[in-house]
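Let me begin by presenting the structure, written as structure tokens, before commenting on it.
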Amino acid sequence: MRRGRRTGSAVALAAAALLLVACDDSGPLAACKVDPTTEDLVQQREAAGIADCDPADWSAGDGEPAELPDVALDCLGSTIPASLADVRGPAVINVWSSNCEPCRAEMPALQEFSAAYGDQVNVVGLNFLDTYPGAAIDLAARSDVTYPSAADACGDLQETDLVLNGLPIFLFVAPDGTVTQQHGGVDSVAEIVELTEEKAGVDLVAPERQQGNG
């Protein structure tokens, strides 16, 4: 079922075009200031229906926390800060940006994967270096994405040992918390399944097989 869309999305996109600031790989923007609690953004995220980043919901099982930096990040779906270190394996973390064409192209497949396999493996987004979150929320809404997405608008993770160059990037979290990084986009749900099984070390059960065993 398609969710309703905020009628002012065109306004949000126009504002994004004005406020989006380019960032290089040398570090976060010194002048970057992002307020995720403005009334417009709150209304936009509520209309989009993106899940919040509640750590209690970031686990498909009893896996260990991801071996990722414990840095407080904004969340596209709520005003509560999030940390990738709260994500428990097995998990698939997709690093994306609204101005990244391959990122935009793969989001529907990621949403389909989340809908089909989200009870077996976490699917989490990391919106990276989008200095106006309205653009990211609008893209997620237009792509019907409902899985949660943390947001590192100012590049705080660049101050850690996590290398995030060349989007899109996948971070596959194994049940023991270890992380394997994969660069490049995906074309289908089948490709995400294959990569998840290989990189995260899990065996995923197809939805039709789950129904057959029910």
message: Whole-Hz ³J(HN,Hα) for each residue in region 199-205, computed from phi via Karplus 6.51 cos²θ - 1.76 cosθ + 1.60 with θ = phi - 60°, x for glycine and proline: what do you get?
response: 7, 8, x, 10, 10, 8, 9
Additional length obtainable on full extension of the chain from A105 to E46, 0.36 nm per residue less Cα span: 18.9 nm
- line: Stretched fully, the stretch from E112 through T37 gains (0.36 nm per residue minus C-alpha distance, one decimal, in nm) 24.1 nm
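A short reminder: the numbers here are calculations on the coordinates, not readings from a lab. Bear in mind the structure is a predicted one, so any value in this text is a computation, not a measurement.
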